[in-house]
Amino acid sequence: MQFFLNITLGGIATGMIVAAVALGLVLIFRATNIVNFAQGAMAMMTTYIAYAVLHQGSGYWLAFVAALATGLLFGALTQVVLIRPLQGKSPLNAIIVTFGFLIFLEGVAGAIWGSQTRTYPAPFSEAGQKIGNTQIAFSPFDVFVVLAVLALMILMLVLFRGTDLGLRMRAVAFAPETARLLGVRVRPLLTLGWALSAAAGVLAALLVVPTSSLTPNFMDVILIYGFTAAVVGGLDSPVGALVGGLATGLSLAYVGGYLGGSLEPMAALALVIVSLMIRPEGLFARPAPRRV
Amino acid sequence: MPVLEIEDLSVSYGAVHALTDVSFSAAEGEVTAVLGANGAGKTTLLRAITGLVRPRKGTVRYDGEQLEKMSVEKIVRHGVAHVPEGRSVIEEMTVDENLRLGSLFRFSRRQRGPVIEEIYALFPPLAERRRQHANTLSGGERQMLAIGRALVSRPKVLLLDEPSLGLAPIVTARLMAVLRDLTQASNLIVVLVEQNARSSLSIAQKAVVINLGRVVVCEDAAKVAGDSELRHHYLGY
Ligand SMILES: Nc1ncnc2c1ncn2[C@@H]1O[C@H](COP(=O)(O)OP(=O)(O)OP(=O)(O)O)[C@@H](O)[C@H]1O
Ligand SMILES: [Mg+2]
């Protein structure tokens, strides 16, 4: 029973981190109608910068804020330089460019920092807690992860459902020409969408890095799980990303805990296949368009 | 009295001359019907007015300004609303969100509610579906939403590209009646592109017939509707 409980808690902690990655993917999809394969690599680069800030002698939180700010800037810059020239062409072009950018960034990071692993601290203790006589595998850091990811999801819900800015961003993503005909300035909003989603990616990276440690490809695996979660939950739903993240985290934990760690990737694959069979558009996606 | 004035407008897509030296003007409180066969250049004309395509030469003047040099967003903020071909509602949004989007640049948060209610009063079927996603609407409801979303910003110029396409005759008739009343009540300048010449001529004061990118007729609508030879020749009825 305690084993089951601890596996579940571990799955929730992993799942929330996966959800953070998925939320970044949902954000960019809703704001610009593409998926960004380079999101993890961009966050990786930013985390190296945060690492440098940290080793200047700044505290964790200063590095944290610096990382988010750098993420915003990096996202905006990437959109202006790489993606804007492709505006008006098929979204597939931009998606392929993000894939190339992923490979490019990992190469650059390898060249600058090498493949040696660096440890990155957590802001709170990563040790499990004792409640009464039972050892619980849920640390103060895990609590922080849960709260941070919930905050991100709520901010996204408020942005897209409750604000004029979010309404404009959605219009720009799904119907840029119609948006312009309604007086919306398209370009700055696309840039903003990239900036925000890059920052969300950085948040995810900062939650992953204490357990995975920092290398040029430390975001690869979690990005794949993030895609799993986003596909399961529906690419356009923040709540779906959270539920998809938890489903992914728990599947990984149960399969890893009961069947062995080498089967974990299979668990994610099985989850995607099953959920696509049940609801191809994603569990929380809007109803499929009706063409008239 | 402000008019929409189009002078010597020419638009090309590469080697294709879609419009050549098009000139006409559209007055306040009037519906100007633009007629012509498929490929005549009607859609191109509206897209050139709102800046979605740039003319090779010529001018578009409204209210003392030259529109052909402004950005699309600026033209729209100037009071020119364009309902494009094919019911361009945003399917991912609810009816209410579509209308809210149309009102954003003109009205403050507090003013928006009443303005949107006016649109619901104009098109009651939309009022019953305000929380529904636009992709669940019928063709006619989509057209109402597309027009309502253009009207919600209280434009001075309304450009409509084939609003009756695919609608039942009775729905078209109702739509035309709404347009006629609205044009007079709000002193709108309406440019109405239609394949359905009969129904658009019934509410228009002026008619512009385009053939192969050139204006071949620019007359009172009543005269065009009464001239059976002209109708046979260009409008096929
Ligand atoms: N983006 C484009 N690229 C190249 N040619 C175009 C483009 N858009 C329109 N054309 C051409 O310009 C001409 C005018 O097209 P337009 O869409 O304005 O006609 P239309 O009068 O609206 O026709 P319909 O009644 O079928 O809607 C056509 O010959 C068309 O093939
Ligand atoms: Mg057309």
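Out of the stretch B:175-220, which residues are part of a helix (DSSP H, G or I) and either within 16 Å of ligand 1 (Cβ to nearest atom) or more than 14 Å from the chain's Cα centre (by Cα) (or both)?
B:Ala177, B:Asp181, B:Gln184, B:Ala185, B:Ala197, B:Arg198, B:Ser199, B:Ser200, B:Leu201, B:Ser202
From the residues in the stretch B:109-119 that are among the basic types (Lys, Arg) and surrounded by fewer than 18 Cβ atoms within 10 Å (Cβ to Cβ), which one is nearest to the other protein chains (Cβ to nearest Cβ)?
Among those that are among the basic types (Lys, Arg) and surrounded by fewer than 18 Cβ atoms within 10 Å (Cβ to Cβ), it is B:Arg109.
Can you report the number of residues in the stretch B:40-81 which are farther than 20 Å from A:Val172 by Cα and of a type in the set (Lys, Arg)?
Adding up the residues that qualify gives 6.
Is at least one residue of the stretch A:57-72 at pLDDT 95 or above, over 30 Å from A:Asn6 (Cα atoms), more than 21 Å from the chain's Cα centre (by Cα) and not in a loop (DSSP other than H, G, I, E, B)?
yes
Under 8 Å between Cβ atoms, which residue pairs at least 6 apart in sequence (or on different chains) link something in the stretch B:41-52 that is modelled with pLDDT under 95 and of a type in the set (Phe, Trp, Tyr) with a partner that is more than 9 Å from ligand 2 (Cβ to nearest atom) and open to solvent by less than 10 Å² (accessible area, probe 1.4 Å)?
Nothing qualifies.
Return the residues of the stretch B:89-103 that are within 7 Å of chain A (Cβ to nearest Cβ) and open to solvent by 20 Å² or more (accessible area, probe 1.4 Å); say none if nothing qualifies.
Matches in the stretch B:89-103: B:Glu91, B:Glu92, B:Glu97, B:Arg100.
Which of the residues spanning the stretch B:137-174 are more than 16 Å from ligand 1 (Cβ to nearest atom), part of a loop (DSSP other than H, G, I, E, B) and open to solvent by 20 Å² or more (accessible area, probe 1.4 Å)?
B:Ser138, B:Arg154, B:Lys156, B:Ala168
Give the number of residues within the stretch A:262-292 that are at pLDDT below 75, of a type in the set (A, V, I, L, M, F, W, C) and surrounded by 12 or more Cβ atoms within 10 Å (Cβ to Cβ).
4
Would you mind finding the one in B:Ala33, B:Ala81, B:Ala48 that is outside any loop (DSSP other than H, G, I, E, B), away from ligand 2 (no atom under 16 Å from the Cβ), buried (at least 24 other Cβ atoms within 10 Å of the Cβ) and of a type in the set (A, V, I, L, M, F, W, C)?
Answer to the check: B:Ala81.
Taking the stretch A:182-227 as the region of interest, how many residues are of a type outside the set (A, V, I, L, M, F, W, C), away from chain B (no Cβ under 14 Å) and open to solvent by 10 Å² or more (accessible area, probe 1.4 Å)?
Qualifying residue count, the stretch A:182-227: 10.
Can you tell me which condition A:Ile28 does not meet? The list is (1) open to solvent by 10 Å² or more (accessible area, probe 1.4 Å); (2) modelled with pLDDT under 95, and all the others hold.
For A:Ile28, the exception is condition (1).
For the stretch B:16-35, how many residues meet the condition of being near ligand 1 (Cβ under 9 Å from one of its atoms) and more than 17 Å from B:Val190 (Cα to Cα)?
So the answer is 4.
State yes or no: is B:Gly36 in contact with a helix residue (DSSP H, G or I) (Cβ under 6 Å, 6 or more places away or on another chain) and at pLDDT below 95?
For B:Gly36, the condition - in contact with a helix residue (DSSP H, G or I) (Cβ under 6 Å, 6 or more places away or on another chain) and at pLDDT below 95 - is met.
Please work out if B:Gly39 is within 16 Å of ligand 2 (Cβ to nearest atom), within 14 Å of another protein chain (Cβ to nearest Cβ) and outside any helix (DSSP H, G or I).
In short, no.
Across the stretch B:1-30, what is the number of residues that are under 18 Å from B:His78 (Cα atoms), in a strand (DSSP E or B) and of a type in the set (Val, Ile, Thr)?
Count: 1.
What residue, among those in the stretch B:51-70 that are among the basic types (Lys, Arg) and not in a strand (DSSP E or B), is farthest from ligand 2 (Cβ to nearest atom)?
Filtering first and then ranking leaves B:Lys69.
Give A:Arg84, A:Arg161, A:Arg170 a once-over and let me know the one that is within 14 Å of chain B (Cβ to nearest Cβ) and either open to solvent by 30 Å² or more (accessible area, probe 1.4 Å) or under 27 Å from A:Pro216 (Cα atoms) (or both).
Testing whether each residue is within 14 Å of chain B (Cβ to nearest Cβ) and either open to solvent by 30 Å² or more (accessible area, probe 1.4 Å) or under 27 Å from A:Pro216 (Cα atoms) (or both) leaves just A:Arg161.
Which condition number in (1) of a type outside the set (A, V, I, L, M, F, W, C); (2) in contact (Cβ under 8 Å) with a residue 40 or more places away in the chain; (3) within 16 Å of ligand 2 (Cβ to nearest atom) is the one that B:Lys156 fails?
(3)
So if I check each of B:Arg106, B:Arg174, which one is within 13 Å of another protein chain (Cβ to nearest Cβ) and among the basic types (Lys, Arg)?
Answer to the check: B:Arg106.
The values are calculated or read from the model by the stated rules, or taken from the named source; none is laboratory data. This structure is a prediction, so every number in the text was calculated from the model and none was measured. No Cβ is skipped: glycine too gets one built from the backbone with ideal geometry, and neighbour counts run over all protein chains shown. Calculation scope for accessible area: heavy atoms of the full protein, side chains included, ligands and nucleic acids excluded. Shrake-Rupley method; radii C 1.70, N 1.55, O 1.52, S 1.80 Å.
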